[in-house]
Every structure is written in structure tokens, then in C-alpha cells.
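Presented below is the structure to which this report refers.
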Amino acid sequence: MSLDNLKPASKADAIVYAPYFQGNKRNLLPLAIGLYQLGSLEGERHIEGGESIPFVATWYVTKLPTELTGCRLQFAGNSELAYETRIQNSEFVDHLLELLMNYKRSRQTDFTRAFYRKLLKIDE
């Protein structure tokens, strides 16, 4: 599914997350929650000076911002290149918001460097 065809979540679903976000992020929140509710995303990790690596991200969908969700990324269809993390929903939705903002700028479906640092447990 293209992010251009993404359906926003209902106002009732998005309003639960509103206290966690300000400004432009709050404006995009219904789209980010709509993406979150899909439970998966296909994209490509952009590599400077190299070829992009396709990935599939999947996660558990729950209702509350403070609940934890499990997120898994598998690169290039290779089970040996799969990584998982558990993350609070509001934080994961923030990463989806960043992904959507980046997509609007660059037309690339990719998570931010901060998300990959979390996924790979670099800052822990």
C-alpha cells in the first residue's frame, strides 16, 4: 500500500494520542494512527552511496498510548536480517509521524536514524 493512499484514523482513535504531540505532528496524527492500525509497512532503508535495502516492518496494534508494542523489521526478505524491539505506543507513533514527514519531503518510506538506533539498541 502506498502512503499516498493512507486513510486517517477516526478522530476518537487519534484524540487519545493528542496530548503526546504538538504542532505539525498533531496535524498528521490521524494519518500516523491510521498507519499504526495497519500493523505493517513496507519500505526501503536508504544507504548513502549504495543501494537501498527493502524491509518489512510489523507490529502489534493496541489501543492505549502507554501500552507496549512489539515491532519487528526484516530486511531484504532474509530472516537472519530481522530485528525486534518493544516500545511504548506513543513513542512508536512518533517514529511513524517522522516517517510520514520524511515521506512528504523525499518520497522515501524509511524510518529515521533515531528509530534504527532504538531498534539496534545502540543507545542502551
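Could you pull out the residue among Ser40, Ser2 that is exposed (fewer than 15 other Cβ atoms within 10 Å of the Cβ), free of Cβ contacts under 8 Å to residues at least 24 places away in the same chain and either touching a His at 6+ places or on another chain (Cβ under 9 Å) or closer than 23 Å to Thr85 by Cβ (or both)?
Exactly one of Ser40, Ser2 is exposed (fewer than 15 other Cβ atoms within 10 Å of the Cβ), free of Cβ contacts under 8 Å to residues at least 24 places away in the same chain and either touching a His at 6+ places or on another chain (Cβ under 9 Å) or closer than 23 Å to Thr85 by Cβ (or both), namely Ser40.
Residues in segment 5-37 that are among the polar types (S, T, N, Q) and either crowded, with 16+ Cβ neighbours inside 10 Å or under 15 Å from Lys104 (Cα atoms) (or both): Asn5, Asn24, Asn27.
State whether the residues of segment 84-106 include one that is more than 17 Å from Leu31 (Cα to Cα), buried (at least 16 other Cβ atoms within 10 Å of the Cβ), of a type in the set (Ser, Thr, Tyr) and modelled with pLDDT under 95.
Yes, there is a match, as at least one residue in segment 84-106 is more than 17 Å from Leu31 (Cα to Cα), buried (at least 16 other Cβ atoms within 10 Å of the Cβ), of a type in the set (Ser, Thr, Tyr) and modelled with pLDDT under 95.
With a requirement of 2 or more residues that are of a type in the set (Ser, Thr, Tyr), the strands (runs of 3 or more DSSP E) lying completely within segment 1-110 that satisfy it span 82-88. Screening Thr85 on (1) of a type outside the set (A, V, I, L, M); (2) under 18 Å from Arg117 (Cβ atoms); (3) touching a Phe, Trp or Tyr at 6+ places or on another chain (Cβ under 8 Å) shows it passes everything except condition (3).
Residue count for segment 78-100 satisfying the condition of being of a type in the set (Val, Ile, Thr) and either over 9 Å from the mean Cα position of the chain (by Cα) or at positive phi (or both): 2.
The values are calculated or read from the model by the stated rules, or taken from the named source; none is laboratory data. This structure is a prediction, so every number in the text was calculated from the model and none was measured. So basically every Cβ, Gly included, is an ideal-geometry build from the backbone, and we count neighbours across all protein chains shown.
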